[in-house]
1. Which ³J(HN,Hα) values, rounded to whole Hz and listed in residue order, are derived for segment 58-63 from phi using the Karplus coefficients 6.51, -1.76 and 1.60 in 6.51 cos²θ - 1.76 cosθ + 1.60 with θ = phi - 60°, glycine and proline given as x?
2. Gln33's amide H: which non-local residues (gap 5+, or another chain) put their own amide H closer than 5 Å, with H modeled 1.01 Å from N in plane and none for Pro or chain starts?
3. Could you put Val53, Val82 in order, starting from the residue whose Cβ has the fewest other Cβ atoms within 10 Å?
4. Quick one: what are the phi-derived ³J(HN,Hα) couplings along segment 110-123, Karplus 6.51/-1.76/1.60 with θ = phi - 60°, whole Hz, x for glycine and proline?
5. Stretched out fully, how many nm does the piece from Trp87 to Gln33 gain, at 0.36 nm a residue minus the Cα gap?
6. What's the exposure ranking of Met130, Met52, going from fewest to most Cβ atoms within 10 Å?
7. Going by C-beta contacts inside 10 Å, put Arg55, Arg68 in order with the fewest on the left.
Amino acid sequence: MHRFSVPGRLIAAIILAGFLSACQTLGQPGLIQSTVTAELSPEAANSIAGDMVGRLAEQAGPGSTTIRFTPDGSPFGQALEVTLKSWGYAVITDQKTDEANILALAYTVDEFEGAVLVRLSTLRFDLTRMYKPGAEGATPVSPLSILRHGSAGAA
């Protein structure tokens, strides 16, 4: 009988999520469709959004970029929008634009073996991390994965 170790399962989950989300697009090459399939409390959604927006700021620059995304009405989508604004980002949620200085953003939140796999995706990079939800929020249980895309979407 072959048993996967916890790190092996984590790597398998990240790879599987990458394969599955690569098939979902918003009409632009490489950008996933925003979906949330995991049940999150408002506290967990806020905790995860806070951590992920902090990591997004490290890659996109702090607050100087306009971000366009389509929230799905989930607690995570709502928390992400509020957190982006609190970090100083201008957020566009209700209009399409192809301006070069707009960063298109999409997200997925999926349950996996009692944890949640969260991915923020842009045309330039994807950020992925696993979290363990709890009563007070959520705790990261994996390192941050950063996948940089070639020249697609580069300014």
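Coordinate-derived values only; no laboratory data. This is a predicted model, so every value here is computed, not measured. Using ideal geometry, Cβ is built from the backbone for each residue, glycine included, and neighbour counts are taken over all protein chains shown.
1. With the stated coefficients, segment 58-63 comes to 5, 9, 9, x, x, x Hz.
2. Placed amide hydrogens put Gln24, Thr25 under 5 Å from Gln33.
3. Details: Val53 23, Val82 16.
Lowest count first: Val82, Val53.
4. 10, 7, 8, 6, x, 10, 10, 9, 10, 9, 9, 10, 10, 6
5. Working: separation 54, 0.36 × 54 = 19.44 nm, distance 2.33 nm.
17.1 nm is the gain from fully extending Trp87 to Gln33.
6. Details: Met130 23, Met52 26.
Ascending Cβ contact count within 10 Å gives the list Met130, Met52.
7. Values: Arg55 16, Arg68 19.
The order, fewest Cβ neighbours first, is Arg55, Arg68.
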